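Written below as structure tokens is the structure these notes are about.
The values are calculated or read from the model by the stated rules, or taken from the named source; none is laboratory data. Fair warning: this is a prediction, and the values are worked out from it, not measured in the lab. Note that each Cβ is placed from the backbone with ideal geometry, even for glycine, and that neighbours are counted across all protein chains shown.
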Amino acid sequence: MRLEPEIWTAEVVYLGFGTPMLRGGLAVVGDHVAMTGGLEELQRAYPGAPVVHKGKALTPPVANAHTHLDLSRLPYFEGPYVGFIRHVLANGAGRGVEAARQGLEELRALGAGAFGDIVARDAVMDWLLGHSDLPGVAYREVIGPDPGKAHDVFAALKPQLLAWKKREGRVKVGLSPHATHTVSAPLFRLLVEFAALEGFPVQIHVAESPEESRYVRRAEGGFVEFMRQMKLPVWTPPGVSPVQYLADLGLLGPGVTLVHAVQVDEADVRVIAQAGCRVVSCPRSNRGLECGEFPWALYLKHGVEVALGTDSRGSSPDLDVRNEALHLWGKVDPRVLVRSATRGGYRVLGLQTPRITRGSALSQVQSW
Ligand SMILES: [Zn+2]
């Protein structure tokens, strides 16, 4: 074992708490961290120790706050969002436990510390609860656009959710009413009210694509065509922004995490901040599906906690949230990105952020 001390540094060093450091580092002895702090302070404490540059960031293990592991066998797709939905439906056969197993293996190989997964199949929920050694939340996805069926859908789901909750271990059970356009208003209310009462964390896809905004505001655009093809009813639009629509339904609160939230203006972000919601951004998926750019400055201004997720392998080349942050490196303050890839994710998932302190094992330090 190497016992000569080294000083590790990177563009940003984040210990999992406090402010990410621009001229920070870790003194490393053997397999452990011996000291953390500013680079000059470390050099005074360890005179002559070599300074080793470890790249862009040194952090605790990152957390992927939003993925769809059961889509890990879906071929990668780029193009408009409505095209992606068709792509998912056309490749539905590859969805299931084998794909989820593959996705979880990938997360483990990447050294991820936690994950938030949207689960579309009961068998996948059973498998994750029984087999995942990575902590996280498995959010049962619910789709139900027909308001007339809301009570039946909810009544069928409720006992299942409560039974899964009894099996919680490292993985907790959550609930994901899919999106503004795929869940009816009464079903949304039933699900979110139930989740708040029983303590299920919630993730909702919202304000993802420009088509969604057109559909919610005016019932126009690609979604209308899609609904007609699928023989689904086209609704009378609420006539507001997607975020405002969820707020008007009384759904927003601290237990609800909004996924994407790209197509927003300042009024929407204020609503999100005031409700105490957190947000997960999936930058590469948004770019690939032509959904626009996440307004980081607006969210920072209003103090909203932002996490990073990759979304599924169908719209992301890998499940590594470090690549989400690196994709934005130089465009967004790297300290914000590093914190989103770690603390933001753990907060969304209801977990403590792992800390790097004196005595931490190097296996708990990621360089990227
Ligand atoms: Zn998603």
Legend entry - Entirely in the stretch 1-45, the strands (runs of 3 or more DSSP E) that have 3 or more residues that are without any contact (Cβ under 8 Å) to a residue 40 or more places away in the chain, in contact with a Gly (Cβ under 7 Å, 6 or more places away or on another chain) and not assigned by TED's automatic domain parsing to the domain that holds residue 114: none
Inset, instruction - Quickly run through the stretch 237-264 and pick out the residues that are away from the ligand (no atom under 16 Å from the Cβ), surrounded by fewer than 24 Cβ atoms within 10 Å (Cβ to Cβ) and either among the β-branched types (Val, Ile, Thr) or closer than 19 Å to residue 181 by Cβ (or both). - result: 237, 238, 239, 240, 241, 244, 245, 247, 248, 249, 250, 252
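For residue 79, indicate whether it is surrounded by fewer than 17 Cβ atoms within 10 Å (Cβ to Cβ) and in contact with a Phe, Trp or Tyr (Cβ under 7 Å, 6 or more places away or on another chain). Give the steps one after another, and end with the answer.
On the way: surrounded by fewer than 17 Cβ atoms within 10 Å (Cβ to Cβ): yes; in contact with a Phe, Trp or Tyr (Cβ under 7 Å, 6 or more places away or on another chain): no.
When the stated conditions are applied, residue 79 does not pass them.
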Legend entry - Criterion violated by residue 205 - all others in (1) outside any helix (DSSP H, G or I); (2) farther than 24 Å from residue 71 by Cα satisfied: (2)
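Can you tell me which residues in the stretch 91-109 are more than 16 Å from the ligand (Cβ to nearest atom) and either closer than 20 Å to residue 209 by Cα or at pLDDT 95 or above (or both)? Spell out the reasoning first.
Restricting attention to the stretch 91-109, the residues satisfying the condition of being more than 16 Å from the ligand (Cβ to nearest atom) are 93-94, 96-98, 101-102, 104-106, 108-109.
Residues satisfying the conditions are 97, 98, 101, 102, 104, 105, 106, 108, 109.
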Inset, instruction - Please identify the pairs in which a residue from the stretch 159-184 that is in contact (Cβ under 8 Å) with a residue 40 or more places away in the chain has its Cβ atom under 8 Å from the Cβ atom of a residue that is polar (S, T, N, Q) and outside any strand (DSSP E or B), counting only partners at least 6 apart or on another chain. - result: 171/132
Inset, instruction - Among the numbered conditions (1) in a loop (DSSP other than H, G, I, E, B); (2) of a type outside the set (Lys, Arg); (3) in contact with a Lys or Arg (Cβ under 9 Å, 6 or more places away or on another chain), tell me where residue 100 comes up short. - result: (1)
Legend entry - The lone exception for residue 327 - which of (1) in a helix (DSSP H, G or I); (2) buried (at least 22 other Cβ atoms within 10 Å of the Cβ) it fails: (2)
Inset, instruction - Scan (1) over 27 Å from residue 332 (Cβ atoms); (2) within 16 Å of the ligand (Cβ to nearest atom) for the single condition residue 207 breaks and write down its number. - result: (1)
Legend entry - Failed condition for residue 321, given (1) surrounded by fewer than 21 Cβ atoms within 10 Å (Cβ to Cβ); (2) within 16 Å of the ligand (Cβ to nearest atom): (1)
Legend entry - helices (runs of 4 or more DSSP H) contained entirely in the stretch 222-284, each with at least 1 residues that are in contact (Cβ under 8 Å) with a residue 40 or more places away in the chain and touching a Phe, Trp or Tyr at 6+ places or on another chain (Cβ under 8 Å): 222-229, 242-248
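Test of understanding: among 76, 81, which residue is under 19 Å from the mean Cα position of the chain (by Cα) and either over 29 Å from residue 172 (Cα atoms) or not assigned by TED's automatic domain parsing to the domain that holds residue 202 (or both)? Let's see the steps before the verdict.
Details: 76 fails: either over 29 Å from residue 172 (Cα atoms) or not assigned by TED's automatic domain parsing to the domain that holds residue 202 (or both).
Result of the check over 76, 81: 81.
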Legend entry - Test set (1) buried (at least 21 other Cβ atoms within 10 Å of the Cβ); (2) at pLDDT 95 or above; (3) not charged (D, E, K, R) - residue 38 fails condition number: (1)
